[in-house]
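This report refers to the structure that appears directly beneath it.
The values are calculated or read from the model by the stated rules, or taken from the named source; none is laboratory data. None of these values were measured; they are calculated from a predicted model. Backbone-built Cβ (ideal geometry, glycine too); neighbour counts: all protein chains shown. Surface accessibility is based on the protein's heavy atoms, side chains included, excluding ligands, DNA and RNA. Shrake-Rupley method; radii C 1.70, N 1.55, O 1.52, S 1.80 Å.
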Amino acid sequence: MASGYGLQGGPSRCFPFWQEVLACYVVNTSAEDDSGKKKCAPVLEDYYECLHHKKEAARVRALQAAYRKAEGSSARENAPSAGQIRNLGLLDKEEDTKQVLGG
């Protein structure tokens, strides 16, 4: 949350990361020289990831794409036909239901 408070009134989920960013800035910069900010880039990156989850979302998209590609490339054995699926649960079509469900 922008206010620094979480949904339940306590500290936000990213507050520990923000504390690390501030501690890094305090240790590595001064009022005259702020060249130490470069040392804080990994910590700042962790804070941004906590806020926006961009790396996590990209990883999930990559995993989903790989899963879909693997599913699409392998044909399913004993796949029911469209007609068998349409007949599921209909009266007088018990044999199709048993065949599709494997029972």
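For the reader, a short list of remarks on this structure follows.
- Filter result (hydrophobic (A, V, I, L, M, F, W, C), open to solvent by less than 100 Å² (accessible area, probe 1.4 Å), without any contact (Cβ under 8 Å) to a residue 24 or more places away in the chain and not in a helix (DSSP H, G or I)) within region 1-58: none
- Enumeration of residues in region 31-67 that are under 15 Å from Val21 (Cβ atoms) and acidic (Asp, Glu): Asp34, Glu45, Asp46, Glu49
- In the condition set (1) open to solvent by 60 Å² or more (accessible area, probe 1.4 Å); (2) at pLDDT 85 or above, Arg76 is compliant with all but (2).
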